[in-house]
Ligand code: GAR
């Protein structure tokens, strides 16, 4: 990862990207659609790794012709063995950038330190609100509604050893509306913020990596 050998096509250099998922994969779909629309010219979506078997994100990847594998944590004796397997795949594909898109497995400090500013994550709130250990998926929106905030949103950030604590890359605010449920709020945050921000952030970081 320190000395990436970027792929290239007629348009020029591209960063090789692995997307880590655990569920439905709507953020993965946003990346696939942005790439197909020519909105991520520096990104080559090479590999999708799922922490769960049978999730729809794997189907989305396969439909787009992207190599997709399930690596369930529970099939390994230790987190070390699990991460060793993932690292092997990343090295085989010469991955330059890892995108966590709804990935629910926790990565160790060793893993994260191996890829400084080479892992990005999307979180469904305006960090530093409603983030950190235990805040994922619908739970984030439940807490935002419980608190009574009038504005929430999404954040894309680099991943470091502190949960949701790495440098912020992009953020977008979304209004909370009267009568919102966690589900309606989640949908609005995805549509108005996550699916817009993630492809933009990936292209931003991939572009910088290609510049060297
Ligand atoms: C997304 O809302 C993402 O922001 C969130 O999980 C959902 C995955 O949906 N991630 C976190 O909460 C991370 N802390 P998707 O599988 O449809 O992209």
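None of the figures in this text is laboratory data; all of them are computed from the coordinates on show. Values in this document were obtained by computation on a predicted structure and should not be read as measured data. Ideal geometry is used to build each Cβ from the backbone, glycine not excepted, and the neighbour counts take in all protein chains shown.
Peptides 87-94, 137-144 ranked from most to least packed give 137-144, 87-94, packing being the mean of other C-beta atoms within 10 angstrom over each peptide's residues. The angle between the Cα long axis of helix 195-211 and the longest principal axis of the Cα atoms of the chain comes to about 30 degrees, rounded to the nearest 10. Label positions at residue 183 and residue 146, each projected 7 Å from the Cα along the C-beta direction, are separated by 2.0 nm.
Starting with the highest mean, order 168-176, 16-24 by the number of other Cβ atoms within 10 Å, averaged over the residues of each peptide. Provide the component values of the computation, followed by the final result.
Numbers: 168-176: 16.7, 16-24: 22.8.
Going by the mean number of other Cβ atoms within 10 Å, highest first, we get 16-24, 168-176.
Among beta bridges from DSSP that stay inside the chain, the antiparallel ones total about 45%.
This ranking places 147, 82 by how few other beta-carbon atoms lie within 10 Å of each, fewest first, which gives 147, 82. Panel order for 155, 26, by other beta carbons found within 10 Å of each beta carbon, from fewest to most: 26, 155.
Against the main long axis of the alpha-carbon atoms of the chain, helix 138-147 sits at an angle near 30°.
With a ≥ b ≥ c taken as the square roots of the eigenvalues of the C-alpha gyration tensor of the range 103-175, please select rounded if a/c is under 1.5 and otherwise prolate if a/b is larger than b/c or oblate if it is not?
Judged from the Cα gyration tensor, the range 103-175 comes out prolate (a/c at least 1.5, a/b above b/c).
Across all C-alpha atoms in the chain, the radius of gyration and Dmax reach 16.6, 51 Å.
As a footprinting exposure proxy, order 39, 146 by other Cβ within 10 Å, with the fewest listed first. Let's see the in-between values first.
On the way: 39 15, 146 10.
Least crowded to most crowded, the residues run 146, 39.
Residues of the range 65-95 falling in the label zone of residue 139, defined by backbone nitrogen less than 18 Å from a point 7 Å along Cα to beta-carbon, are 73-74. Estimated from helical segments only, the mean residue ellipticity of the chain at 222 nm is -10500 deg cm²/dmol, where each DSSP H run of four or more residues counts as -39500 (n - 2.57). Compared with the dominant principal axis of the Cα atoms in the chain, helix 79-92 is inclined by about 60°.
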